[in-house]
Amino acid sequence: VTFTVEDLEGNRQDIEAPDDMGLSLMEVLKASEYPVLATCGGMALCATCHIEVLAGKDSLGEATDVELDQLEALPEFFPTSRLACQIRISEELEGAVIKLRGEDN
Ligand code: FES
């Protein structure tokens, strides 16, 4: 699956990731050397994997209550904010555009 990542400087890059390995978006961002701390290891506890979905949000499914609680606790979040660790890499991500948001990451 191929999707686009916009970094904190606004540079965009297409990322290709396997959608049959059960990886999370957070894991793929880290593996692509984006500055995602992911302090909690993907447990929806640290919110350092905060991203904004610029395109393709509807195909990604709903955030869970736990995820929403974390997002709402952030100093700044957006209507299409998500935690990257709570998004599975699947074919639904094809063509999506996501923007890194963790300025404090
Ligand atoms: Fe901690 Fe996603 S890695 S909330």
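The values are calculated or read from the model by the stated rules, or taken from the named source; none is laboratory data. Predicted model only: the values in this text are computed from it and were never measured. FYI the Cβ positions are ideal-geometry reconstructions off the backbone, even for glycines, and counts take in every protein chain you see.
Summed over the range 44-67, residues that are surrounded by fewer than 17 Cβ atoms within 10 Å (Cβ to Cβ), part of a loop (DSSP other than H, G, I, E, B) and hydrophobic (A, V, I, L, M, F, W, C) total 1.
If residue 31 meets every condition in (1) closer than 22 Å to residue 94 by Cβ; (2) among the small types (Gly, Ala, Ser); (3) free of Cβ contacts under 8 Å to residues at least 60 places away in the same chain; (4) surrounded by 13 or more Cβ atoms within 10 Å (Cβ to Cβ) apart from one, which number is that one? Checking residue 31 against (1) closer than 22 Å to residue 94 by Cβ; (2) among the small types (Gly, Ala, Ser); (3) free of Cβ contacts under 8 Å to residues at least 60 places away in the same chain; (4) surrounded by 13 or more Cβ atoms within 10 Å (Cβ to Cβ), the one that fails is (4). Within the range 68-94, the set of residues being in a loop (DSSP other than H, G, I, E, B), closer than 14 Å to residue 25 by Cα and either modelled with pLDDT under 95 or away from the ligand (no atom under 12 Å from the Cβ) (or both) comprises 89, 90, 94. The C-beta contact set for the range 40-66 (first residue within 20 Å of residue 30 (Cβ to Cβ), second residue among the hydroxyl-bearing types (Ser, Thr, Tyr), distance under 6 angstrom, 6+ apart or interchain) comprises 42/24; 46/39; 48/39; 52/80; 52/81; 53/80. When 5, 36 are screened for being of a type in the set (A, V, I, L, M, F, W, C), in a strand (DSSP E or B) and buried (at least 20 other Cβ atoms within 10 Å of the Cβ), only 5 passes.
Whether any residue in the range 36-54 is modelled with pLDDT under 95 and more than 9 Å from the ligand (Cβ to nearest atom) is what I want to check. No, the conditions are met nowhere in the range 36-54.
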